[in-house]
1. Output the qualifying pairs, or none if there are none: Cβ atoms under 7 angstrom, residues six or more apart or on different chains, first residue in region 298-313 and of a type outside the set (Asp, Glu), second residue surrounded by fewer than 16 Cβ atoms within 10 Å (Cβ to Cβ) and part of a strand (DSSP E or B).
2. For region 440-558, which strands (runs of 3 or more DSSP E) that fit wholly inside it have 1 or more residues that are of a type in the set (A, V, I, L, M, F, W, C), within 30 Å of Val88 (Cα to Cα) and at pLDDT 80 or above?
3. Of all residues in region 68-91, count the ones that are part of a loop (DSSP other than H, G, I, E, B) and either in contact with a Cys (Cβ under 6 Å, 6 or more places away or on another chain) or not aliphatic (A, V, I, L, M) (or both).
4. Among the residues of region 305-317, which ones are surrounded by 24 or more Cβ atoms within 10 Å (Cβ to Cβ), touching a strand residue (DSSP E or B) at 6+ places or on another chain (Cβ under 6 Å) and outside any strand (DSSP E or B)?
5. Go over the candidates Val156, Val179 one by one and state the one that is hydrophobic (A, V, I, L, M, F, W, C) and touching a Lys or Arg at 6+ places or on another chain (Cβ under 9 Å).
6. With a cut-off of at least 2 residues that are modelled with pLDDT of 90 or more, name the strands (runs of 3 or more DSSP E) lying wholly within region 194-292.
7. With modelled with pLDDT of 75 or more, outside the structural domain of Thr142 (by TED's automatic domain parsing), on the phi < 0 side of the Ramachandran plot and assigned to a helix (DSSP H, G or I) as the only criterion, which of Asn382, Asn345 stands out?
8. Can you tell me which residue in region 37-63 is nearest to Ser191 (Cα to Cα), limited to those that are in a helix (DSSP H, G or I) and among the aliphatic types (A, V, I, L, M)?
Amino acid sequence: MKKKGNEKIGKEREKSIAERFAEELVEEIKEDFKERQQARRPYELSWQLNMNFLAGNQYCSVAGDSLVEDEKTFEWQEKQVFNHIAPVYETRLAKLSRVRPKMTVRPFTDEDKDVNSAKLAKKILESCSEKLSVNGIIDKGTMWSEACGTVFYKIVWDKEKGVKIKSDDKVYTCGDVSVSVVPPFEIYPDSSVCADLDECKSIIHAKAYSSAEVKEIWGADVKGEELKVFSLDGGVSMGGRSYNKTAPGVTEQVKKDAVLVIERYTRPTKQNPDGELTVVAGDVLVYSGPLPYRNGTDGERDFPFVRQVSILWAGCFWGVSMIERLVPLQRAYNAVKCRKHEFLNRISMGVLAVEDGSIDTDLVDGEWLTPGKVLVYRQGANLPRLLSSGSVPDDFNLEEQRLLAEFLQVSGVSEFMRNSKTQTGLTSGVALQLLIEQDDTRLAVSAEQIRGAIKTVGQHILRLYKQFATAARLEKVVGDNGSIEVFYFSGSDISSDDVVFETENDLNETPASRKSMVMDLLNAGLLSDETGRVSPTNKVKILEMMGFGNWETAQNLNQLHVKKAERENLRMTEDVVPLDIDNHEIHIDEHVRFVISGQAAQTGRETEEAVLKHIRLHKAMLSDLPLKTEEGA
């Protein structure tokens, strides 16, 4: 009895120590989060200002630790917005939306096994990209990076996704990769002077969830509270004399029944080789353990984030948005236009000069001098008259044109790119092409950031499949011929995650330029054989390059023979017999490759002997073809 009592006391003591450790860890993480929040505050205000100017709320500014609205000083004062930031933003998005390079995987070695594994990894990337709509995710992320300067992609393994399997009256899910866009408002690095994620020792992802979501995801009962979050509010008023309108603005709103979830990721060290992930929901510690994903180089554990910036800023973790450079110009342009309109109002409505006591001013203050109004003035007094306001000074027009030209210089978006309008007298095709290339040069830095992010996301996807896809999985992908190709794979089949791009410059490539390039290659004779004829295979490729797809979705005959030979390699033990319609040369090459690469021997000695026997049959039928041809003649 005494021994059992001691065991009970020991368990209670361990539980008390664990609870005290959890409380201390929660307090430490919350304190760390507050410090990072305060250090990131200046950048956060800049993002809010950018998004307000983009949305049309351009009468606001940063004052101290918050954004303040600029109110009108006088009732007659114009407060209009002439938004030139939005067209620049939309033009950059339209150009950057072309940056969708096609990913492929470079094999680890030149052995057939590694080459086939790289081909399989490429199919996995294509299937996953289509399944997750990666292009749409990149579009959404680019919207954030162009507005705020920085965006992040979070690549995790979601156990609730994937194919559902029913066994013993229970439903199991295989899990699958999940890619989501994380705005910069949710990321808190340990230092804002780190050049990139690789230099960060730890990073915090903080997001507001509802209490029900916390219960569903982490299984913790946490009481919700009121939290301040950023949202788009349409209550900002502006306008001119006698009319008003509202514009959306980014402000802090209160979200009810919300729980702040703080995820702190700590990079692996010599003392802690697996790193650390700590998740705090409200005041509750819901997880503390090693980093869950081996998504780093050589199977190391790393952060599940990928950073994408619009413009790099030397010595800073956060990127720069083009909007930041346009804000002063937009303020000046709004001021010039509003002062110009106020001057026009003064000219059109006029300023009435009257002799003191000659008229009842109360009668004209409300309606002023409306058309047809009878103006009564005291007999013997001087006739009221309108003061001459002159004309609008040319300085207004000159300043307006100068600011418009400066918009183009600072943003790098030319008039040709934004308005699809060339300069007067510019008709040379070479000059137009040079102008397009100059426009694309200003976007090259942002385009390379997108390409780098896509490449890293692809590497994360392959590494997660390699870690978690322990059982065979069925996926499908659209083949080169437009047909649906179904394949099986598991994590052990992925030997390389060296993702590279098949295309170099996506900005300059348009349907028109691609067709022009193909026609130049045809005229140069580079796509024809020695006799000057274009082979059927090249004809199919030419149609694909020109955007017509595979003509009538007809598969190339040689490719069909290759696929048939590959299928035969997998079932050689079934005494597969060559057919008269087989292209024996192609079949022999594929079967010989299957034997030389060692794949046949790995399957078994019986399979290897069956393949060799099958090759002899093909050679015999190939040697009989000339005899049959002569007999037929």
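1. Every condition considered, no pair remains.
2. The strands (runs of 3 or more DSSP E) meeting that bar are 498-501.
3. So the answer is 13.
4. Listed by number, the list holds a single entry, Phe317.
5. Val179
6. 202-210, 243-266, 276-281, 284-289
7. Of Asn382, Asn345, the one residue that is modelled with pLDDT of 75 or more, outside the structural domain of Thr142 (by TED's automatic domain parsing), on the phi < 0 side of the Ramachandran plot and assigned to a helix (DSSP H, G or I) is Asn345.
8. Only one residue fits best here, namely Ala39.
The values are calculated or read from the model by the stated rules, or taken from the named source; none is laboratory data. All values derive from a computational prediction rather than experimental measurement. We place every Cβ from the backbone using ideal geometry, glycine too, and count neighbours over all the protein chains shown.
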